[in-house]
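First the structure, in the form of C-alpha cells, and then the observations on it.
The values are calculated or read from the model by the stated rules, or taken from the named source; none is laboratory data. What you see is a predicted model; the values in this text were computed from it and never measured. Heads up, the Cβs are rebuilt from the backbone with ideal geometry, glycines too, and the neighbour counts pull from every protein chain shown.
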Amino acid sequence: MPDPHFAPTLAAAAAGSGRGASLAFLIATILIALMFDFTNGFHDTANAVATSISTRVLPARFAIVMAACLNFLGAFISTQVAKTVGTDVAQRDALTPIAVMAALLAAIGWNLLTWYYGLPSSSSHALIGGLVGAAVVQSPLRFGALKGQGIFTIVLSLILSPIIGFVVAYVIGTGLVWIFRRFKPSDVTEITSWLQRISAAFVAFSHGSNDAQKTMGVITAAILTYEGAAVGGNFHVPIWVIIASATSMGLGTSFGGWRIIRTLGMRTVKLRPLDGFAAETAAGTVIFTASQLGLPVSTTHVIAGSVMGVGARQRLSAVRWGVAGNMVTAWIFTGPITAILAAILCALFLGIGL
C-alpha cells in the first residue's frame, strides 16, 4: 500500500518547479486519466460478468452492480502494477502531462471504437502502446527514452497471460468433469452455479486489483514529472489517486458493456455453469497473481483465453474460432495503432505550444 505520509496534491504541484505543462493541463490530464479508467470499466465489465450472464447464473443487472463494487474494492489491494506502468515503460521525464494526455486520448479512442464494434480488445495494450508512442515524441532521446527491459517484461506478460489462462482453464475444466463424473447432471448444474457466483466475484475483484492501478500509475507519473521529482526518486501513489481511480473504475463498470458481453459470453463458445466456473477461476487466479507480481495484464485477454480453454476441453469445434480470430486481430493491432495515435497527438500538442 502507498506511504500514507506521501500524498502530493495539486497545490503542491502548483508550487513545483514548473517543468512540463501548466497546472491547468496537469488537472486536465488527471481528468482524462479518470475518463480512461471509466471507459476501461465499462469496456471490461464483460471480463467479470459475461460468463455468469451467459450461463444464467446471475441476472445481468445484479452481475454488473456486483462487478462494480468489487472492482472498486480490488483497486485498494496494492500499487505494484501502478509502479510498473509509471516507471518501467519510459524514463520519467518523458512521461510529462502532455505525453500522458496523448497516450490516454489514444487509448480512450481505441476503447470506444472497439466497444462500438463489440470487440473485447485490451485497454492495457492500448495504454502501454500510447505511452510508448507519446514518450518517443516527447523526449529528445526519442527511442532512447524507452526502457526496453521493462517493456519486454510487460509485453511478455500480456502475451503469456491469456495462454496461461487457456491452459489453467482447460486443466480445471477437465478436473471438474472428473470430480463430477458420477453426479446427476442436475446436481452438477446446481453446485457449479453456486460456485460460479463466487468465481465471478473473484474475477471482478481481481480486475480491479490490476486495471485500476494502470490509471494510478500514469497519474502519479504525470504529477511527479510536473513537480520535477528526481528520476530515481521513490514512486508512491497518493491515496487520493487510489480513491479517484477506484471510484472511476467502479462507476464505469456499473454502466456495463453490453456489446462486449454478448461477444465474450455468448458468441465465442456455449458455456455451462461448470465451464463458467472453470473459466472464471482460471482467469481470476492469473489476474490476481499478476497483480501481486506487479505485472499489468489484459483482463480481457485472460478471460477470453480461459473461455476458449474450457471450450476447447469440450471439443475444438465448440469454440467459434472466427469470432476468436477477430479478437486476436484486434489485440495485435491495438498497441501499434495507439502508439501511432499517441505520437501524432503528442506532436500536435507540442506543435501548438502546450
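In the set D187, D211, which member is acidic (D, E) and either free of Cβ contacts under 8 Å to residues at least 24 places away in the same chain or more than 30 Å from A28 (Cβ to Cβ) (or both)? Working first, answer last.
Values: D211 fails: either free of Cβ contacts under 8 Å to residues at least 24 places away in the same chain or more than 30 Å from A28 (Cβ to Cβ) (or both).
None of the others qualify; the one that does is D187.
With respect to the conditions (1) in a helix (DSSP H, G or I); (2) at pLDDT below 80; (3) buried (at least 24 other Cβ atoms within 10 Å of the Cβ), V85 falls short on a single one, namely (2).
The conditions are (1) modelled with pLDDT under 90; (2) part of a helix (DSSP H, G or I); (3) crowded, with 23+ Cβ neighbours inside 10 Å, and V155 fails exactly one of them. Which is it? Tallying (1) modelled with pLDDT under 90; (2) part of a helix (DSSP H, G or I); (3) crowded, with 23+ Cβ neighbours inside 10 Å, V155 fails exactly one: (3). Scan the stretch 40-55 residue by residue and report those that are surrounded by fewer than 24 Cβ atoms within 10 Å (Cβ to Cβ) and modelled with pLDDT of 75 or more. Passing the criteria: none in range.
Considering each residue of the stretch 212-228 in turn, at least one proves to be modelled with pLDDT under 90 and not in a helix (DSSP H, G or I).
Does F205 satisfy the criteria of being hydrophobic (A, V, I, L, M, F, W, C) and not in a loop (DSSP other than H, G, I, E, B)? The answer is yes for F205.
Scan the stretch 251-265 and give yes if some residue there is among the β-branched types (V, I, T), at pLDDT 80 or above and within 18 Å of S206 (Cβ to Cβ), otherwise no. Step through it out loud before you land on a result.
Taking the stretch 251-265 as the starting set, the residues that turn out to be among the β-branched types (V, I, T) are 253, 260-261, 263.
Cutting the leftovers down to at pLDDT 80 or above gives us none.
Checking the stretch 251-265: not a single residue is among the β-branched types (V, I, T), at pLDDT 80 or above and within 18 Å of S206 (Cβ to Cβ).
Exactly one residue out of G129, G150, G144 is within 15 Å of A339 (Cα to Cα), in a helix (DSSP H, G or I) and not basic (K, R): that is G129. Hey, among the residues in the stretch 175-223 that are small (G, A, S) and exposed (fewer than 13 other Cβ atoms within 10 Å of the Cβ), which one's nearest to the chain's Cα centre (by Cα)? Within the stretch 175-223, the match that is nearest to the chain's Cα centre (by Cα) is G175.
Take the residues of the stretch 19-29 that are modelled with pLDDT of 65 or more and buried (at least 24 other Cβ atoms within 10 Å of the Cβ): which is nearest to the chain's Cα centre (by Cα)? Only one residue fits best here, namely T29. Among residues of the stretch 86-112 that are under 12 Å from G130 (Cα atoms) and of a type in the set (F, W, Y), those with a beta-carbon under 7 Å from a residue that is in a helix (DSSP H, G or I) and at pLDDT 90 or above at least six positions away or on a different chain give the pairs W110/I337; W110/T338.
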